[in-house]
Amino acid sequence: MTNPPGSPFPSRIAGAFAKARSQGRKALVLYLTGCDPDFETSRRLLLAAARAGADVLELGVPWSDPSADGPAIQAAMRRALAAGGGMGTALDLCRAVRADNADVAVVLFGYANPIFVRGAAKFAAQAKQAGADGALCVDWPADEDPELAQALSQQGLDLVPLIAPTSTPERVKAIAAVAGGFLYYVSLTGITGSQLPNLDETSARVRQVRELSGGRLPVAVGFGIATPADARAVAGFADGVVVGSAAVRVIERAVAAGRDPVPELEAFVGELRAALG
Amino acid sequence: MPALEELTAAWERFSRDPTFRAELDRLLRDYVGRPTPLTEAARLADHLARAEGRRLRVFLKREDLCHTGSHKLNNCVGQILLAQRLGKKRIIAETGAGQHGVATATVAALFGIPCEIYMGSVDVERQSLNVFRMQLLGAKVHAVKDGTATLKDAMNEAMRDWVTNVGTTHYVLGTVAGPHPYPTMVGELQSVIGREARAQIQSATGRLADACLACVGGGSNAMGLFRGFLDDPGVQLFGVEAAGEGLDTTHHAATLGKGRPGVLHGARSYVLCDDDGQISEAHSISAGLDYPGVGPEHSYLRDSGRAKYLAATDREALAACRLLARCEGIIPALESAHAVAGLPRVAEQLPDGASVIINISGRGDKDMGTIAKYFGAEVSS
């Protein structure tokens, strides 16, 4: 839910998109899997991404069965789980990032079971306490079960929904009605890290999603955006651009070569940000 | 989601359509080989009487006699007819033991539709015979190395394929788990087991059974049998999960016995997971029961008390497999052997003269390598 005017919980996510707009550019949303490759490096990576210009951080909550993710994020999840990652450590990581950066918006991005076993209300309270601004849950359809949306709303947190190319107009409306922060439009039918599809179609769909949601929330596009050139192209019609697998691969390559991944990720995020104007 | 809505609507329409039903019934009769017999197991009953002091009449529902060797084909013939009506050009499936993969590859061959099967790489190794069967039938088998490289990971990969190719592809999910409408649809397609068993036990004994017994991994064969008797309170329903190396170890697959409510593969049901919500690795000597989730209808039957769930260890299942082989000349799949292993505990709760139906969900040919290894025999497969 968006926060009504005068809400005691100003949304950092809405603020991030507003700030980008006021600077005449599009917002950069960056996904990283929490605890990949380990807690401390992950903390430094998230802070470096914010420093390099990411407006919103999607902090991926490691889970054993990431059925919507492609090979890059599956591998990141495996590294993170091996390093002790999970929901508990993702919340700790969020708190640690917030301690050093009061401004960047943070969305906890994950799957239903770690939220479900805690209970949606307890999760929302813990997320709020950790300094998160919202949550995105891949396999918790907000229109089928409003419990998570309500729990987040009670804490003044945004529920960021995924909207797919196959989502019907009725569903887009129903999803947008309980959403907050921004709408995440998935550029393709498929998994994270796939090839970016024909952008004319994506552009038309983004326009349609904006109309169906009454223009109440910004629309960010993700899945398949791998390079600054991709980001620039998508920024031509979306309010924000989400990059995940490509950033995770930068980390994977550096770690595999025995290098500290922080400078390389920081440079990559800087290029993405520069491409957004 | 729209794909699930499309599938739900299609299933609601076609499952009531007389032409569809007639075509399904014809395939079940002429191709699958239904009805399967209900065989009275007199020597097994004698053994039970000697060992446990309880004289029961024991009947075996012979799904092992279905074409391809298990109940899995009942579901696949229904789903392939549905896929055909939805105009899908390609089918995919997950498989654990390989039984569902073989059944899916079989109907794909019968209908001339390209087929790809996802199977955990651990299962590919322990069920190599079924991998070859699928390939012989013309299916492409993908070994899935992610996660625990077993059934749940094969399901993850099948879902990734499905969301990517949703326009052209039908996902033939093999059990009563996963997102709606699969639990309903697969349960209805397998209910032919219970309908037949109900009529057969009445003609054999003049009354309904006192208890039904079936193994539970995802739970499709059990649901198929149970559905014939859900509204008969006099018929006790027992599911037998895999206790692996024991319920007091971490090496088991007893989701209903030791799990907790959770969300896996698009369904809210019991799951095996830790306090953080990470799904646990399940363990069973039978690859088909090696699943850390279970169909949501079983969770409901458990919580409502309508069905009771027991567990049998690897060791007990192997002993039951040998017992059935020697008493009745029937070698059950290791999955089904878990149901046989549950018989003494069910017998304790029944009066003398009671009758029990055990679902022999599949035959044991595929397990010869595993069984031989356990009993110390050398076989070349």
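The values are calculated or read from the model by the stated rules, or taken from the named source; none is laboratory data. Because the structure is a prediction, the values reported are computed rather than measured. Positions of Cβ are generated from backbone atoms using ideal geometry, with glycine treated the same way; all protein chains shown enter the neighbour counts. Ligands, DNA and RNA are excluded from the accessible area calculation, which covers all protein heavy atoms including side chains. Shrake-Rupley method; radii C 1.70, N 1.55, O 1.52, S 1.80 Å.
A few remarks follow.
- The set of residues in the stretch B:244-279 that are part of a loop (DSSP other than H, G, I, E, B), more than 8 Å from chain A (Cβ to nearest Cβ) and open to solvent by less than 40 Å² (accessible area, probe 1.4 Å) comprises B:Gly246, B:His252, B:Ala253, B:Ala254, B:Gly259, B:Leu272.
- Condition met for B:Ala197 (assigned to a strand (DSSP E or B) and surrounded by 20 or more Cβ atoms within 10 Å (Cβ to Cβ)): no
- Qualifying residues in the stretch A:8-52 (those that are modelled with pLDDT of 95 or more, of a type in the set (A, V, I, L, M, F, W, C) and not in a helix (DSSP H, G or I)) - the one farthest from A:Asp230 (Cα to Cα): A:Cys35
- The set of residues in the stretch B:178-194 that are assigned to a helix (DSSP H, G or I) and of a type in the set (Gly, Ala, Ser) comprises B:Gly187, B:Gly194.
- When A:Gly156, A:Gly131 are checked against the criterion of being in a loop (DSSP other than H, G, I, E, B), touching a residue at least 12 places away in the same chain (Cβ under 8 Å), in contact with a Phe, Trp or Tyr (Cβ under 8 Å, 6 or more places away or on another chain) and small (Gly, Ala, Ser), A:Gly156 stands alone in meeting it.
- Scanning the stretch A:64-91 for residues that are surrounded by fewer than 24 Cβ atoms within 10 Å (Cβ to Cβ) and more than 11 Å from chain B (Cβ to nearest Cβ) yields A:Ala72, A:Arg79, A:Ala82, A:Ala83.
- Filter pass, A:Ala125 being more than 14 Å from every other protein chain (Cβ to nearest Cβ), surrounded by fewer than 16 Cβ atoms within 10 Å (Cβ to Cβ) and of a type in the set (A, V, I, L, M, F, W, C): no
- Members of the stretch A:229-262 found to be open to solvent by 30 Å² or more (accessible area, probe 1.4 Å), touching a helix residue (DSSP H, G or I) at 6+ places or on another chain (Cβ under 9 Å), part of a helix (DSSP H, G or I) and free of Cβ contacts under 8 Å to residues at least 60 places away in the same chain, listed by number: A:Ala229, A:Asp230, A:Arg232, A:Ala233, A:Arg253
- Search result, residues across the stretch A:144-170 that are open to solvent by 10 Å² or more (accessible area, probe 1.4 Å) and β-branched (Val, Ile, Thr): A:Thr166, A:Thr168
- Filtered by the rule that a residue be polar (S, T, N, Q) and without any contact (Cβ under 8 Å) to a residue 40 or more places away in the chain, the stretch B:71-116 gives B:Gln84, B:Thr106.
- Taking the listed residues B:Arg21, B:Arg26, the one that is over 26 Å from B:Ala3 (Cβ atoms) and open to solvent by 10 Å² or more (accessible area, probe 1.4 Å) is B:Arg26, with no other qualifying.
- Of the residues contained in the stretch B:297-315, one or more are found to be within 30 Å of B:Asp232 (Cα to Cα), within 14 Å of chain A (Cβ to nearest Cβ) and out of contact with any Cys (no Cβ under 9 Å at 6 or more places or on another chain).
- Meets criteria (away from chain A (no Cβ under 14 Å) and free of Cβ contacts under 8 Å to residues at least 24 places away in the same chain) for B:Ala10: no
- Residue in the stretch B:125-138 that is within 14 Å of chain A (Cβ to nearest Cβ), of a type outside the set (S, T, N, Q) and at negative phi present: no
- Filter result (touching a residue at least 60 places away in the same chain (Cβ under 8 Å) and closer than 25 Å to B:Leu310 by Cβ) within the stretch B:163-191: B:Gly174, B:Thr175, B:Val176, B:Ala177, B:Gly178, B:Pro183, B:Val186, B:Gly187, B:Gln190
- The set of residues in the stretch B:210-243 being open to solvent by less than 10 Å² (accessible area, probe 1.4 Å), of a type in the set (A, V, I, L, M, F, W, C) and assigned to a loop (DSSP other than H, G, I, E, B) consists of B:Val216, B:Phe229, B:Val235.
- Yes/no for B:Glu63 being open to solvent by less than 70 Å² (accessible area, probe 1.4 Å), closer than 18 Å to B:Ser191 by Cα, assigned by TED's automatic domain parsing to the domain that holds B:Leu110 and of a type in the set (Asp, Glu): no
- Within the stretch B:325-333, the presence of a residue that is farther than 26 Å from B:Asp367 by Cβ and either outside the structural domain of B:Arg363 (by TED's automatic domain parsing) or open to solvent by 20 Å² or more (accessible area, probe 1.4 Å) (or both) is excluded.
- All conditions but one from (1) over 15 Å from the mean Cα position of the chain (by Cα); (2) within 24 Å of A:Phe116 (Cβ to Cβ); (3) within 14 Å of chain B (Cβ to nearest Cβ) apply to A:Val61; the one that does not is (1).
- Any pair with Cβ under 8 angstrom, 6 or more apart, that starts in the stretch B:290-314 at a residue that is more than 16 Å from B:Gly266 (Cα to Cα) and ends at one that is among the acidic types (Asp, Glu) and surrounded by 20 or more Cβ atoms within 10 Å (Cβ to Cβ): B:Asp290/B:Asp123; B:Tyr309/B:Glu241; B:Leu310/B:Glu241; B:Ala311/B:Glu241; B:Ala312/B:Glu241
- The criterion of being open to solvent by less than 50 Å² (accessible area, probe 1.4 Å), aliphatic (A, V, I, L, M), under 22 Å from A:Ala121 (Cα atoms) and within 14 Å of another protein chain (Cβ to nearest Cβ) holds for A:Ile175.
- Test for B:Ala204: is it touching a residue at least 24 places away in the same chain (Cβ under 8 Å) and not hydroxyl-bearing (Ser, Thr, Tyr): yes
- Scanning the stretch A:96-128 for residues that are free of Cβ contacts under 8 Å to residues at least 40 places away in the same chain and of a type in the set (Phe, Trp, Tyr) yields a total of 2.
- One residue stands out among those in the stretch B:197-246 that are of a type in the set (Val, Ile, Thr) and farther than 25 Å from B:Cys76 by Cα: the one that is farthest from the chain's Cα centre (by Cα), which is B:Thr205.
- Here the condition is being closer than 15 Å to B:Glu241 by Cα, in the same structural domain as B:Ala42 (by TED's automatic domain parsing) and open to solvent by less than 60 Å² (accessible area, probe 1.4 Å); of B:Ala307, B:Ala347, it holds for B:Ala307 alone.
- Evaluation of A:Pro197 against the conditions (1) surrounded by fewer than 21 Cβ atoms within 10 Å (Cβ to Cβ); (2) not in a loop (DSSP other than H, G, I, E, B) shows that the sole unmet condition is (2).
- Whichever residue in the stretch B:29-57 is under 24 Å from the mean Cα position of the chain (by Cα) and part of a loop (DSSP other than H, G, I, E, B) and, among such residues, is surrounded by the fewest Cβ atoms within 10 Å (Cβ to Cβ): B:Pro37
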